[in-house]
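> Could you have a look at this structure, given as structure tokens, before my questions?
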């Protein structure tokens, strides 16, 4: 379970650049929920994910993951509960380290790091099997530096790292946005496969409305730091892009404006 | 005696010095290459190592225990810089300069004066420049060579452990490290500590080798360390891919640096110009990757045989 209760965040308070990024967010997720998040520029989508991950502190409100209040925990301690994939393929992996070393780092998420070996022979075998799932040929390149991989390969690897130790919540921040359409599709397919197999609670930000409707069992739309549309279950399955835009205009009293979203429609 | 013979005569001494500084250069490698931080604490912690070792030895301390305590003094110096950076948010270069400056006072306090000598005739020492041409175990080439080999083996093991991998990950990608539950602040402090521990250990060797510790003995140490790292990478980078071999390359880089310096002095260069020469060489080598990128970019813009 994930509960976000009354979370607010203002950047640069008291200055000319003051920006209210989150304006009282309330969200409850059940086990196995797969939520897609859509919204215009500056709607607060990434900020919401970063608040859950603990990248910066909240102004008020609380975040509860699986019964544990994590609001005051630093980012590295919350990592125990969270798997994260970022928009920039460079962010989620260490370019100077080998594929297997990256995976081994992820396998130790939430554990004390001791003087035992950083990677064992047994793990190498497991990683080889795991990488086969991606079907990108990475299983033959375990000792290659991650910096040699393409953006899509790096995102797929990050996804594997994020879910290697089953997280309570998987946070995907536009993780296909920087990829070409074909690769984006492939990474999204892998995402769905992994989420389904492990029945992971997932929050996925996307700028692709069709994907937002097709993937997952729940869709939320954000506007000016608020959740303005929340569609679940059967209703979501029947949703069309036109309906979605109407719902948005009705509840926010504003036209939906995001070049990125409209162009990728 | 011809110049060549003079040089040949001086080589055992240069190699010994190069090996001792090689330990220091490996310390610099840990911060500069693994942690991606340019740590200037080393100019101070190198002298701290020498000062601690000499004072302890003069007071009858066991030689290897004195080396260990010098190492620990370096760890503490590194911890101060690490905390100035992580806990107090001071940029790493400035944090290093602050520690380096305060170490100057501390080193004076440790020795009680600016220069403390230790005479090999009166005191037993681990290494001394008097022994560089002796065929014995206490020849600095052998003693320091063995210590260096052991250190490289231990570091190779350490950076393969979970803890060592976390330090490497911290240097490679902060965001990724935090997302994977690594306490990046703690690991930065640990890395800077380890680096300065090695630097102080090297200073303890050099003080015995030259027969004195001096409050200024670490001046410009960072430049010599960087020179060794850069020379090692330039000459052996393509050959040595394994981590242990890369550390060895850094030590070799240091040895080559001292042989070149010796050669330049033998050929009659004014010794006062040495630091200027070292700084210029390091500056040029640091610029090469930058120039390569720029040149490469220009090359792409104008493809051959274009319309």
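> Would you mind listing how long chain A runs along its three principal axes, going by Cα atoms, in whole Å with the largest first?
Cα extents, longest axis first: 58, 39, 36 Å.
> Please give the Cα centre distance for region B:133-209 versus region A:171-231, rounded to the nearest Å.
Comparing the Cα centres of region B:133-209 and region A:171-231, I get a distance of 44 Å.
> Could I ask something else about it? Which residue, B:88, B:111, B:193, has the most motion in a Gaussian network model of chain B that connects Cα atoms within less than 10 Å?
Largest GNM mean-square fluctuation: B:88.
> Given the options B:104, B:29, B:295, which has the most mean-square fluctuation in a GNM of chain B, springs set between C-alpha atoms less than 10 angstrom apart?
B:295
> Same structure, new question: Which of B:90, B:167 has the fewest other C-beta atoms within 10 Å, and how do the rest follow up to the most? Please report the intermediate quantities before stating the final value.
Numbers: B:90 16, B:167 27.
Ascending number of Cβ neighbours within 10 Å: B:90, B:167.
> Please say if region A:141-195 is rounded, prolate or oblate, where rounded means a/c under 1.5 for a ≥ b ≥ c the square roots of the C-alpha gyration tensor eigenvalues, and otherwise the choice is prolate for a/b larger than b/c and oblate otherwise? Intermediate results must be reported in sequence, preceding the final value.
Details: a/c = 1.94, a/b = 1.12, b/c = 1.74.
Verdict is oblate for region A:141-195.
> Let me ask you something else. Can you sort A:165, A:237 so the residue with the fewest Cβ neighbours within 10 Å comes first?
Working: A:165 17, A:237 11.
Placing the least packed residue first, the sequence is A:237, A:165.
> Test of understanding: what is the full-extension gain from residue B:124 to residue B:158, defined as 0.36 nm times their sequence separation minus their Cα-Cα distance? Write out the running numbers ahead of the final one.
Numbers: separation 34, 0.36 × 34 = 12.24 nm, distance 3.20 nm.
Result: 9.0 nm gained on full extension.
> At 7 Å along the Cα-to-beta-carbon direction for both residue B:101 and residue B:117, put a label point, then send me their distance in nm to one decimal.
3.3 nm
> For B:202, B:254, A:62, what's the fewest-to-most ordering of other Cβ within 10 Å of each Cβ?
Values: B:202 35, B:254 31, A:62 14.
Lowest to highest Cβ neighbour count: A:62, B:254, B:202.
> With a 10 Å radius around each residue's Cβ, average the other Cβ atoms per peptide and rank B:30-43, A:102-115, highest first.
Output ranking for B:30-43, A:102-115: B:30-43, A:102-115.
> Using only the alpha-carbon atoms, how far is helix A:121-134 inclined from the longest principal axis of chain A? Give it as 0 to 90 degrees, nearest 10.
In chain A, helix A:121-134 runs at an angle near 50 degrees to the longest axis.
> Under the rule a/c < 1.5 gives rounded, and otherwise a/b versus b/c splits prolate from oblate, where does region B:1-95 land using the Cα gyration tensor? Mind showing how you got there, number by number?
Working: a/c = 3.24, a/b = 1.48, b/c = 2.19.
Oblate shape, in that a/c is at least 1.5 and b/c is the bigger or equal ratio.
> Any idea what % of Cα-Cα pairs in region B:151-263 are farther than 20 Å?
Details: 3353 of 6328 pairs.
Within region B:151-263, distances greater than 20 Å cover 53 percent of Cα pairs.
> Could I ask something else about it? Roughly speaking, what is the stretch gain from residue A:240 to residue A:255, that is 0.36 nm per residue apart minus the C-alpha to C-alpha distance, in nm to one decimal?
Working: separation 15, 0.36 × 15 = 5.40 nm, distance 1.69 nm.
Difference between extended and current length: 3.7 nm.
> With springs only between Cα atoms under 10 Å apart, run a GNM on chain A and tell me which of A:44, A:147, A:92 wobbles the most.
Result for chain A, Cα springs under 10 Å: A:147 fluctuates most.
> Round to the nearest 10 and give me the degree value, 0 to 90, for the angle of helix A:151-164's Cα axis relative to the longest principal axis of chain A.
80 degrees
> In a solvent-free Debye calculation with one equal scatterer on each Cα, what is log10 I(q)/I(0) for region B:3-301 at q = 0.06, 0.07, 0.10 Å⁻¹, listed in the order of the q values?
-0.19, -0.26, -0.54
> Can you order the peptides B:144-150, A:170-176, B:127-133 by their average number of other Cβ atoms within 10 Å per residue, highest first?
Peptide ranking by packing, descending: A:170-176, B:127-133, B:144-150.
> Here's something else I'd like to know. Per-residue Cβ counts within 10 Å, from other chains only, averaged over A:100-112: what number is that? Each step should come with its number before you reach the end.
Details: counts 0, 5, 6, 0, 3, 13, 5, 2, 6, 4, 2, 2, 3.
Across the residues of A:100-112, the mean count of other-chain Cβ atoms within 10 Å is 4.
> Another one. Using only atoms on other chains, find how many Cβ atoms lie within 10 Å of each Cβ of peptide A:159-170 and report the average.
Working: counts 0, 0, 3, 2, 0, 1, 2, 0, 0, 0, 0, 0.
So the per-residue partner count for this stretch is 1.
> If the chain between residue A:115 and residue A:193 were fully stretched, how many nm would it gain, using 0.36 nm times the residue separation less the Cα-Cα distance?
Working: separation 78, 0.36 × 78 = 28.08 nm, distance 3.50 nm.
Extending this stretch completely gives an extra 24.6 nm.
> For a protection proxy built on the mean count of beta-carbon atoms within 10 angstrom, sort B:48-59, A:7-18 highest first, please. Walk me through the intermediate numbers first.
Details: B:48-59: 25.8, A:7-18: 12.4.
Listed from highest to lowest mean packing, they are B:48-59, A:7-18.
> Based on the Cα coordinates of the protein assembly as shown, what is the per residue volume of their convex hull in Å³? Before the final figure, lay out each step's value.
Working: hull volume 121.2 nm³, N = 572.
With only Cα atoms used, the protein assembly as shown gives 212 Å³ per residue.
> Separate question: What FRET efficiency, computed as 1/(1 + (r/R0)^6) with R0 = 60 Å and r the Cβ-Cβ distance, is obtained for residue A:8 and residue A:130, rounded to the nearest 0.05?
On the way: r = 40 Å, r/R0 = 0.66.
With a Förster radius of 60 Å, E is 0.90.
> Per residue of A:65-76, count partner chain C-beta atoms within 10 Å of its C-beta, then hand back the mean as an integer. Please list the in-between numbers first.
Values: counts 0, 0, 0, 0, 0, 0, 0, 0, 0, 4, 7, 11.
Mean partner-chain Cβ count within 10 Å for A:65-76: 2.
FYI, it's all coordinate maths here, none of it is from the lab. A quick note: this is a predicted structure, and the numbers were derived from the prediction, not measured. Here Cβ is always computed from backbone atoms with ideal geometry, including for glycine, and neighbour counts include all displayed protein chains.
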